[in-house]
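Here, each number is a calculation from the coordinates, and none is a lab measurement. Given the structure is predicted, the values throughout are model-derived calculations rather than measurements. Glycine also receives a Cβ, built like all others from the backbone with ideal geometry; neighbour counts cover every protein chain displayed.
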Amino acid sequence: MKPITMARWGAMLAAAVLAAGCGRGADQTRAEHEARLQARAGADRSAGAAAAASAAEADFVAAVSAAPVSAPVSLKFRMQQPPQVGVPLQLELLLSQEPQLEINSLLVSLVPGDNLSVLSNRSFEYHAPRPGATQRMTATLRADAPGVLSLSVNVLVDSANASVSRYFNIPVIAVPAGS
């Protein structure tokens, strides 16, 4: 009996693959292949979008809340420059909701503490946001005195099952202008 060479193994493997493909049309095989490629490309786009969103939110800080970890919403914020007395300050807010939660409406209210002013809109309202959505808001603040100031953010979450309020606190440490 002759030993089987690599060339013979390759030829037998090729014949087995061709035989397995018999009875299936080239169009069906091509369609299945293209569907797999599209699914893989969609997953790559989703992963890329999630990575880009994560990188864009990397310098945001979580607002302080007494609510449990399983709260229906979470809040992050970012200030482009350090707060200075008398100088308007842009505050960016990201309100994220749980992915599985159907929300009818969100009402976000900004409540400044002593020596802090909100120069822009004090409230934002969102109707029927899609589950897992992130709401982006921008507010303009002004510190009227140096020190540790406070901005409260009240979020009313209204769903089909319940209405829940969540309170967040954002510390604003203001320094004299020009410092």
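Taking amide H as placed 1.01 Å from N in the peptide plane, the amide H of VAL87 sits under 5 Å from that of ALA143, each at least 5 places away or on another chain. Backbone N atoms of segment 135-152 closer than 15 Å to the 7 Å Cα→Cβ label point of VAL111 belong to residues 150-152. Seen from VAL157, the other residues with C-beta closer than 14 Å to its C-beta sum to a net charge of -3, counting Lys and Arg as +1 and Asp and Glu as -1.
3J(HN,Hα) couplings calculated from phi for segment 138-147 with the Karplus curve 6.51 cos²θ - 1.76 cosθ + 1.60 (θ = phi - 60°) are, in sequence order, 10, 10, 10, 10, 9, 7, 9, 7, x, x Hz; Gly and Pro show x.
Before anything else, pin down the relative contact order of segment 70-143: Cα pairs under 8 Å, at least 6 apart, normalised by residue count, whole percent.
40 percent
Give me GLU125, GLU102 sorted ascending by neighbouring Cβ count inside 10 Å, so fewest comes first.
Values: GLU125 10, GLU102 13.
In increasing order of surrounding Cβ atoms, one gets GLU125, GLU102.
Net charge in the neighbourhood of ASN115 (other residues with Cβ under 15 Å of its Cβ; Lys, Arg +1, Asp, Glu -1) is -1. In order along segment 121-126, the Karplus-derived 3J(HN,Hα) couplings, from 6.51 cos²θ - 1.76 cosθ + 1.60 at θ = phi - 60°, round to 4, 9, 9, 9, 10, 10 Hz, and Gly and Pro are given as x.
Karplus-based coupling profile of segment 166-179, in residue order and whole Hz: 10, 10, 10, 10, 10, x, 10, 9, 9, 10, x, 4, x, 7, with θ = phi - 60° in 6.51 cos²θ - 1.76 cosθ + 1.60 and x standing for Gly or Pro. Close amide H partners of SER120, meaning residues 5 or more places away or on another chain with modelled amide H under 5 Å apart, are THR140. For segment 100-134, the residues whose amide N sits under 16 Å from a probe point set 7 Å from the Cα of SER152 along the beta carbon direction are 108-118, 122-123.
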